[in-house]
1. Considering region 46-137, what Rg and Dmax in Å follow from its alpha-carbon atoms?
2. If you roll a 1.4 Å probe over the heavy atoms of the protein chains, what accessible area per residue do you get for the chain, in Å²?
3. Roll a 1.4 angstrom probe over the protein heavy atoms and tell me the percent of accessible area of the chain that is carbon or sulfur.
4. Given the chain, what percent of its DSSP beta bridges are antiparallel, to the nearest 5?
5. Report, as a whole number in µm² per second, the diffusion coefficient that Stokes-Einstein gives for region 1-104 at 20 °C and 1.002 mPa s using the Kirkwood radius over alpha carbon pairs.
6. Mind listing P(r) for region 1-44? All alpha-carbon pairs, 5 Å bins, whole percents.
7. Between A11 and E132, what FRET efficiency comes out of the Förster formula 1/(1 + (r/R0)^6) with R0 = 41 Å and r the beta carbon distance, rounded to 0.05?
8. To the nearest 20 debye, what is the magnitude of the charge dipole of the chain about its Cα centre, counting +1 on the Cβ of each Lys and Arg and -1 on the Cβ of each Asp and Glu?
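The values are calculated or read from the model by the stated rules, or taken from the named source; none is laboratory data. On a predicted model such as this, the values are computed, not experimentally measured, just so you know. A quick note on method: Cβ atoms are made from the backbone with ideal geometry, for glycine too, and the neighbour counts reach across all protein chains shown. The protein model used for the area step is the full one, side chains on, heavy atoms only, and it has no ligands, DNA or RNA in it. Shrake-Rupley method; radii C 1.70, N 1.55, O 1.52, S 1.80 Å.
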Amino acid sequence: MTPLYTTTAVATGDGRNGQVQTIDGLLVAPVRVPKELGGEGGATNPEQLFAAGYAACFHSALKLVAAEAKADTTDSEVVADVSLGALGTGGFGLTAHLEVSLPALDPETAQQLVARAHQVCPYSNATRGNMEVTLSVA
C-alpha cells in the first residue's frame, strides 16, 4: 500500500482516563471510562471515537460508490454502533453494526451500494476478519 495520508494522535494521562489529541491540534479531547463500565463518564471514550470514525469513513465510501453508480444519496446517513466486550482469551474485543439510510433509493439498490461500500471503506477493510461487523439498510 502506498500511503495517501498519514496522521498522528497522542494519548496521555491514565489511559482511558486521560486525553487524546492529534498533532495538528484539530482534535483535543479528554477521555474517560464510561459510567456503564464503572467510570465517571462525562467525556468521550475510545469506542465512541472508533464509532464516529467508522460512521464518517463508511459514509464517505458510500458516497463514492453511489456517485460512480449515479445514485441519489440525498439525506443519506450511517449510524455506527460499536460494542466492547470480553473475549474468552482474557482480552477485550469490539463489534460494530452499521445501519445505513438511503431514503432516495429503492431497497435493492441501497443494499447493493452498502455491500460495495463495505468493500471500499478503509475501516471495513481494516476490521474484516478481525471483528464482527454487521450491516443493515434502514
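1. Here Rg and the maximum Cα pair distance are 13.7, 47 Å.
2. Roughly 62 Å² per residue, with all protein chains present.
3. Answer for the chain: carbon and sulfur cover 55 percent of the accessible area.
4. 75 percent
5. 133 µm²/s
6. For region 1-44, the pair-distance distribution reads 6, 21, 23, 17, 13, 10, 6, 3, 1.
7. 0.95
8. So the magnitude is around 340 debye.
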